[in-house]
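Visitor: Quick one: this structure, given as structure tokens, is what I'll be asking you about.
Coordinate-derived values only; no laboratory data. Computed from a prediction, not measured in an experiment: that's the story for all the values here. Cβ placement follows ideal geometry from the backbone for every residue including glycine, while neighbour counts extend to all protein chains displayed.
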Amino acid sequence: MTMSTLHTITTHKKYRELLAEWAADNTEDSDQDKSGSLIPNATVLVAFRTRPPIDGEVELFDAPLDDEETDDEEERVNDANHDHGPRAKKQPPAPQPVSKIPAQRPPEEFMCGITARSRRMVVHVPNMTWKGAGLLHQSYPADVCFGPDATNEEVYEQTVKTPGLIDLAVQGGVACVLAYGQTSAGKTYSMMGLELAISQDLFSLLPVDDTGKTQFEVHVTFLELLGNKPRDLMRADEAGKNIEIREADTGNVHPVLQSTQVDSAKELEDVIVRCLGHRRTAQTSRNAKSSRSHAILTILLKNKTPGGAVSEIILVDLAGSERHADSKKHSAARFQETRDNNKSLLALKDCVRAHVSGAALVPFRTSKLTLLLKPIFDRKASRPTRTVVIAHVSPHIQDAEHSANTLRYVSQFKAIR
Ligand SMILES: Nc1ncnc2c1ncn2[C@@H]1O[C@H](COP(=O)(O)OP(=O)(O)OP(=O)(O)O)[C@@H](O)[C@H]1O
Ligand SMILES: [Mg+2]
């Protein structure tokens, strides 16, 4: 047994004791934590989610990849070629964990670094001092929290239905969900669930006239922003690549995207699934199917009655934030993407902060991502908006420091509103 293995076993034993002590002292949240309306009537709502551990994942921490990471371009094209057939796939294949376990490293056990309570998450952050291994228990408040057993249906219920996001759009507003968090924390898993659940419900929530017809037209666009390169996910061909994003003199932001009109839940779901199949993914040390990009699905509701407004539901699966350790094996191009992604996530944070605090100016022109989200940040716009930010964190104690950063980043929005 090597010294480092012995060290890991010893510190894990200590962490287990400290976690058990903490759990014994913190059995339930106080009544005060649970009182009041569950979902406040605020412009920005804060949700946290953690996922269960994935089989074989523990062994991946700091595991070297045998090969250079490869883009999953071939698979993406295959999806695009096959998904128009009569036996179209309903869901893109679920990402699988990478199965590369270095022979010299003993498998480690899973150790949980997160406790989800109804309206806060506690991160148990390892803290090595001269006294030895310790844990800092850091608590972050949210409007709603989801533990590892929560289903996508529950997340939809609490983050879309209860806050009335679809109703807001039907009434002419702009509703937005932002999935934020570390790579592999479960953003794409959540957003796919929400996108398909919204597809199921949307048409039944559109008002109808006496003849039973709705006065709304539903249109969809789907854009991927990889680093700083936008791409139209509606198109798998060359025309979808590196499209232009510009702000017109009228103030409208125009990515030249193909918009598809849909007339039923099934059509909407099919379009979403087809576009998701066009997303580029890459294998990284933390996620066999890492998205690497921001993906923005916009569902436009056009009210055809005279003077009727165009309203929007904007669903954003953000690129994962990465630790240096997660990105150090990247190729130069991949590293640049990570830098661009991190920059746009910082710009987004500044915009959401300014938006929540009611600042006169929201700096949404500082990145392509935030420019694309102008409908929620534009102070001059008259449409009401509501945004739900879902922060995703890994359940592993090895990720606790990153998780604490993620939850701190997002819980600020609750603190300043
Ligand atoms: N709540 C959950 N329950 C079960 N499995 C989950 C859950 N969330 C995520 N997973 C699984 O965890 C893995 C990573 O999730 P996902 O690809 O959604 O992460 P991500 O945050 O989008 O990562 P990246 O930023 O790299 O794209 C996938 O295999 C996914 O199926
Ligand atoms: Mg993803």
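Visitor: What is the spin-label model distance, in nm, from Cys112 to Ala23 if the labels are put 7 Å beyond Cα along the C-beta direction?
Guide: 0.6 nm
Visitor: Sticking with this one: Taking loop as defined by DSSP and a crowding limit of 10 other beta carbons within 10 Å, which trypsin sites (Lys or Arg not before Pro) in the range 175-248 fit?
Guide: Of the trypsin sites (Lys or Arg not before Pro), the ones in loops of the range 175-248 whose Cβ has at most 10 other Cβ atoms within 10 Å are Lys213.
Visitor: Now for a separate question. Using the structure shown, list the pairs from Lys161/Lys374; Lys241/Lys368; Lys187/Lys304; Lys213/Lys266; Lys343/Lys380; Lys161/Lys368 with a Cα-Cα distance above 27 Å, or answer none. All intermediate terms of the calculation are to be shown ahead of the outcome.
Guide: Details: Lys161/Lys374 24 Å; Lys241/Lys368 16 Å; Lys187/Lys304 34 Å; Lys213/Lys266 17 Å; Lys343/Lys380 25 Å; Lys161/Lys368 29 Å.
Going by Cα-Cα distance, Lys187/Lys304; Lys161/Lys368 fall outside the 27 Å limit.
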